[in-house]
Every structure is written in structure tokens, then in C-alpha cells.
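The values are calculated or read from the model by the stated rules, or taken from the named source; none is laboratory data. Keep in mind that this is a model prediction, so the values were computed, not measured. Positions of Cβ are backbone-derived with ideal geometry, glycine not excepted, and every protein chain shown enters the neighbour counts. Heads up: the accessible areas ignore ligands, DNA and RNA and are worked out on the full protein's heavy atoms, side chains in. Shrake-Rupley method; radii C 1.70, N 1.55, O 1.52, S 1.80 Å.
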There are 2 protein chains.
Amino acid sequence: MNYADRLAKAIEEKGTPAVVGLDPRIGSIPEEIRSRHGDDRAGAAAAVFEFNRRVIDVVAPLVPAVKPNLAFHEAFGWEGYKAFLDTVAHAKEMGLLVIADAKRGDIGSTAEAYAESLFGVAGADAVTLSPWLGTDSLKPFFERMHDGKGCYLLVKTSNPSSSDLQDLPLGGGRTVFHQAATLVSAWGQPHIGRKGLSSVGAVVGATFPEQAAALRAAMPTTPFLLPGYGAQGAKGEMLRRAFGAGGAGAVVNSSRGIIFAYQKNETEEGWEEAVRQAALAMRADLAAAVPEGGFRE
Amino acid sequence: MNYADRLAKAIEEKGTPAVVGLDPRIGSIPEEIRSRHGDDRAGAAAAVFEFNRRVIDVVAPLVPAVKPNLAFHEAFGWEGYKAFLDTVAHAKEMGLLVIADAKRGDIGSTAEAYAESLFGVAGADAVTLSPWLGTDSLKPFFERMHDGKGCYLLVKTSNPSSSDLQDLPLGGGRTVFHQAATLVSAWGQPHIGRKGLSSVGAVVGATFPEQAAALRAAMPTTPFLLPGYGAQGAKGEMLRRAFGAGGAGAVVNSSRGIIFAYQKNETEEGWEEAVRQAALAMRADLAAAVPEGGFRE
């Protein structure tokens, strides 16, 4: 089964398009965990993995996928990189899809090595990639779509400076990100699954609802990964238009708003209960905002 | 001393702007090395490190810097990532500058984690980065320019599909990569060293000599990293214009043309002698082609 269909199935089973981002910033990991591991890099990496593992155990029944970001793992050297690999393995054991948030982008033969790293070694189901280097830098990833893998290209990112290059005007009201969208849509055509959506998706910042709505209309067969929910300010209602009237495929990511919910919502039941409550609140928020639960029937 | 000045000093001492790219594709590592390590991932990672270490020992007297690409290390999991870290450490012990070819690009707080990973943990002197996400995704790296670190932004890459987004026309004869160049030049202004060059550089494919010449004129204070020499087809003479009439700062990278020279130039003295011969040939080629040795007086 191709990735788009695997994802649609997981969204249906869990009843939500919510994805939990695993951005394990060491300073925000509960003291309870940090205090039991050493202060050195190996200790930090062990704390990162324990934290990820316990977050995964809480959210596994509630969401279809998790999205670990490699940066917060690589920050602790090879021990941290191992924590990333162990995290992917544990998430898969718990029945979750894994989107490796790597944002890689390199020329053809090097891209092949990254594809091997993320899909082959780590075993991720999907990855985030930069389109800046163009088609030949992405082919090694596209080839693995035939093995059930997926990817999300950075079309319009959620950060304020995404305008620097992505919003440059090309004339006729079009911008560079519109052209990126056209490319991503075309790249995805050979990889459309039974539900009418491709395994080649787009990262579209939920912080820019106007652009997200325009892109949704321009890319009807492209599934979206919408970051920026929660801590970055995007709310469920803002996402409505990004899903489109028919509830086309998209997933919505929240990272620190869920995994570090205990910092804002102190509960006597501990930080894991805060994670569970935050995930439930996001599910409810999305269910109210997103037509037909956010997935194509 | 800032990175631009440290690099200029190293180029002067070694008498060449040649950089050796460490892309240790496992299938091309000499059988002599591979046969002494296991067939599993740990064995491959050990072979990768031994190969890198021995290449470094050969080229250390001949070039100012090496450029390990993370992809070929991450392809062997955490053991491969450790091989990357050990490679950087060994290169630094041998007195070389290290440009970590990571091509990372993520939003602000995540970029900070990558900066910590590449500069803090790995100890690289410079890194390659994608400009696709704009200013705020780069600030954590720019802040470390004050600690002697440097970076190279992907402005016009050496691969054929770099035209997909980088060459899009903005009107008035300008393209997206011209605007990327304008941004990179501006980002570099606060980081100009005593030699008049910035620690914020640009990756400009040596495979596109026309564009490289135009960019050289547009970015007089930006040092270039020119990939694509050798195996990708760019020759020393094609680079002349990228350096500019005054011999402004640039480094030229060759990867497989040097490290796997033994495959094209079998010598009885073994693969390391082939590496040495290829590095010497590149030095001579650049000395003939590049005005004033490729560095600003």
C-alpha cells in the first residue's frame, strides 16, 4: 500500500489528522527524567529517548503519526542520533507512522545516501525535504515511494522569514512558492493512491491561512503537512480552509504545545497526563474546525 | 580571528584554494580497507572512518580544508554519525579547517539545535546551509560567526535541476538565485574580516561559469565555495571568472576526483599515492587558472 493510503487508513482509525511533533528540547524535558540521567551528552541523549518513548506511549492511541525532528537529537552527537533511531523504532512498534522531520536537500548521489539513512536505516515512513535544489535532488526519495514511503516538500514554511525567497513575485500574481507548489503537484502525479492523494506531500505553514487556502486549491491531489498549530499561533479554525471544502487530506502538527503541555497546564497527575489532555484538546479542536474529520472519504 | 581570516591564512599557508570533499561512498572505498571490517553497519562505519582518516593524513599538507558530507555518514546510522564526528576531530588535529557539508535549513529554534550540533558538538569550522527558509532560519548560525565560525549558503548549486527554483525569473533579468545572492551578501556585511571578505559565504556551482562570474561581480565581499570541480566536469579554467580579476576569495571542492582517484589512475604505490597525485594535480590546475592563487592579497 502506498504511503498516502497508509496515512489515510491511520487517520481513519485514530479519527484525527493530529500529528505529535517530537522536538525534545533538553531544557524543557521534565526534571523527573533529567535528574535520573547524567549531565553529559550521553545522559542528555538517554533523557531524550526516555522522554520520547513515554510521550509515544501516551499518544499512540490518540494520533496516527509522530514527527521527530532530527535537529534536537543531533544536538547530542552520535548518542543523540542513536536516540532518534531508537525513537523511530519504538514509535513503529507502537503502531504509529513516523515522519522524520529532516528537511534534507542535496544533489542526486548524496540524496540517495540520505534516502538510505532515513528510509533504509532509520525506517521512517515519510520525511520532510527541501525543494531548493530541484527535481534531481529528490528522485532518490521519489523512487522509494514505490516501497510505501512518503515525503513532504517545504513549499511555504510557517516562519516569518519564509517570505525572503518563497514569496518573491514571478509576475501574474504568482510567487516562487506557487511555482514550488506546481512542481510538487507534478512530482506527485505518479504516486497517487487509491484515495486520490499522492505520497508526495507539501509542508504548508498553518500560520499563513490565506496562502494555505490558495495552495489547497492549486494542489488538489497533494496531502499537506501543516506545522505551526498551537505554540506558533495557528488554531483549528485557521486550518479549515487549508483542508478545503471536501476535507482533502492533511495532517496538522503540534510539537511543544503537546509534549511540553505540563509547563502551561500543571496537573497533579504529572506531565504525561498533561500530554494526554493536550492531545485530546487538539483532537477536539480539529474535529470542530476541519470538515469531515480532515480526511477524504 | 573570524572564519574568513582563518581561511585566508590557511589558503596562504598551503598555497592553494583546493578543498577535498570527504564523500566516503562505501562501494568505492578500497577493498584493502573494506575487507578488514565487518559487513554490517558498524563495520561499514569503521571502514568509512579509516578511509577518511587516511585520506586526511595524505592531504593535510596539501590543502587548507576538508569538506565531509554528512549524508555518506548518516547512511550508516549512529555508527556512521560517530564516524563523521571522529573524522572532524581528526581533521582538526591534523591542522585542517573543516567545512561540514550539511545543507541544513530549519526554522529558528530548530536551527539553533543544528548550530549546536555542527559547531558545538562536532566542532566544524564552517557549514553549508540552505537559504530556502530565510533570515530567521539562519540567525543561530550567524550569531556563531562571532566565535570564528563560518557558513556557505546554497545560492546556485552545481546540479542540473538547480534551475527548477533557483533560475526562476523575477523580471529585469534577475532570477531567484540573484535575489538569494543579494540576501547572502547583506547577511555577510556584519561579518567581514580584515581581508575584506565575510564569514558568510555562498555555494556557487562551478558547473555554471556564466552565473558564477555574474555572482562574483554581484557579491564582492562574499567568499565562494565552488563544488563541481573534477568529477562533475568543471575545470580550473572554467573557474577563473568565478574568482574575479582580483583573485577574490573562493575555495574549490573536489570529492571523488581526489579521494577515489585510484579507480581512474591505478598506481603500484597504492590508493593513497593516487590521492596525493590527484591533490597535487588539482593544485597545479588551480594555480594555472586562478589569478593570484585565488586569494585576496
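Considered as a group, the residues in segment A:173-199 that are away from chain B (no Cβ under 11 Å), out of contact with any strand residue (DSSP E or B) (no Cβ under 6 Å at 6 or more places or on another chain) and not in a helix (DSSP H, G or I) include one that is surrounded by the most Cβ atoms within 10 Å (Cβ to Cβ), and that residue is A:LEU197. Residues considered: A:HIS178, A:HIS191. Of these, the only one that is touching a residue at least 24 places away in the same chain (Cβ under 8 Å) and over 30 Å from A:GLY123 (Cβ atoms) is A:HIS178.
Residues are listed down the side, and each one gets a yes or a no for (1) among the hydroxyl-bearing types (Ser, Thr, Tyr); (2) modelled with pLDDT of 95 or more:
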| residue | (1), (2) |
| --- | --- |
| A:SER158 | yes, no |
| A:PRO169 | no, yes |
| A:VAL184 | no, yes |
| A:PRO209 | no, no |
| A:PRO227 | no, no |
| A:GLY230 | no, no |
| A:ALA234 | no, no |
| A:ALA242 | no, no |
| A:ALA261 | no, yes |
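The set of residues in segment B:159-172 being open to solvent by 10 Å² or more (accessible area, probe 1.4 Å) and at the interface with chain A (Cβ under 10 Å from one of its Cβ atoms) consists of B:PRO160, B:SER161, B:SER163, B:ASP164, B:ASP167, B:LEU168, B:PRO169, B:LEU170, B:GLY171.
Here is a yes/no grid of residues against (1) surrounded by fewer than 19 Cβ atoms within 10 Å (Cβ to Cβ); (2) under 28 Å from A:ASP285 (Cβ atoms); (3) touching a residue at least 60 places away in the same chain (Cβ under 8 Å):
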{"residue": "A:ASP5", "(1), (2), (3)": "yes, yes, yes"}
{"residue": "A:GLY15", "(1), (2), (3)": "yes, yes, yes"}
{"residue": "A:ASP23", "(1), (2), (3)": "no, yes, yes"}
{"residue": "A:ARG36", "(1), (2), (3)": "yes, no, no"}
{"residue": "A:ALA46", "(1), (2), (3)": "no, no, no"}
{"residue": "A:GLU74", "(1), (2), (3)": "no, no, no"}
{"residue": "A:GLY77", "(1), (2), (3)": "no, no, no"}
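Among the residues of segment A:138-158, are any assigned to a helix (DSSP H, G or I), within 30 Å of B:GLY173 (Cβ to Cβ), open to solvent by less than 30 Å² (accessible area, probe 1.4 Å) and in contact with a strand residue (DSSP E or B) (Cβ under 8 Å, 6 or more places away or on another chain)? No, segment A:138-158 has no match at all. For the structure I just gave you, tell me whether A:SER109 is at negative phi and open to solvent by less than 10 Å² (accessible area, probe 1.4 Å). Here the answer is no, as A:SER109 does not meet what is asked. The set of residues in segment A:200-224 that are free of Cβ contacts under 8 Å to residues at least 60 places away in the same chain and assigned to a helix (DSSP H, G or I) comprises A:PRO209, A:GLU210, A:GLN211, A:ALA212, A:ALA213, A:ALA214, A:ARG216, A:ALA217, A:ALA218. Taken over segment A:75-130, the residue count meeting the criterion of being part of a helix (DSSP H, G or I), farther than 16 Å from B:ALA113 by Cβ, in contact with a strand residue (DSSP E or B) (Cβ under 8 Å, 6 or more places away or on another chain) and of a type in the set (Ser, Thr, Tyr) is 2.
Being farther than 30 Å from A:ASP164 by Cβ, surrounded by fewer than 24 Cβ atoms within 10 Å (Cβ to Cβ), modelled with pLDDT of 95 or more and within 14 Å of chain A (Cβ to nearest Cβ) is the requirement here; does B:ASP57 meet it? No, not satisfied.
Quick check: anything in segment A:75-86 under 14 Å from the mean Cα position of the chain (by Cα), within 26 Å of A:SER28 (Cα to Cα) and within 9 Å of another protein chain (Cβ to nearest Cβ)? No, the conditions are met nowhere in segment A:75-86.
Tell me, yes or no, whether segment A:105-115 has at least one residue that is aliphatic (A, V, I, L, M), more than 26 Å from A:TRP132 (Cβ to Cβ), without any contact (Cβ under 8 Å) to a residue 60 or more places away in the chain and more than 7 Å from chain B (Cβ to nearest Cβ). The answer is no; no qualifying residue exists. When B:ASP86, B:ASP125 are checked against the criterion of being of a type in the set (Asp, Glu), open to solvent by less than 20 Å² (accessible area, probe 1.4 Å) and closer than 25 Å to A:LYS103 by Cα, a single residue qualifies: B:ASP125.
Residue count for segment A:89-101, restricted to those that are surrounded by fewer than 22 Cβ atoms within 10 Å (Cβ to Cβ) and within 14 Å of another protein chain (Cβ to nearest Cβ): 1. For segment A:130-158, what are the residues that are among the charged types (D, E, K, R) and more than 7 Å from chain B (Cβ to nearest Cβ)? If the condition is that a residue be among the charged types (D, E, K, R) and more than 7 Å from chain B (Cβ to nearest Cβ), then A:LYS139, A:GLU143, A:ARG144, A:ASP147, A:LYS149, A:LYS156 are the ones that fit. Filtering A:LEU170, A:LEU165 for residues that are part of a helix (DSSP H, G or I) and over 18 Å from A:VAL127 (Cβ atoms) leaves a single hit, A:LEU165.
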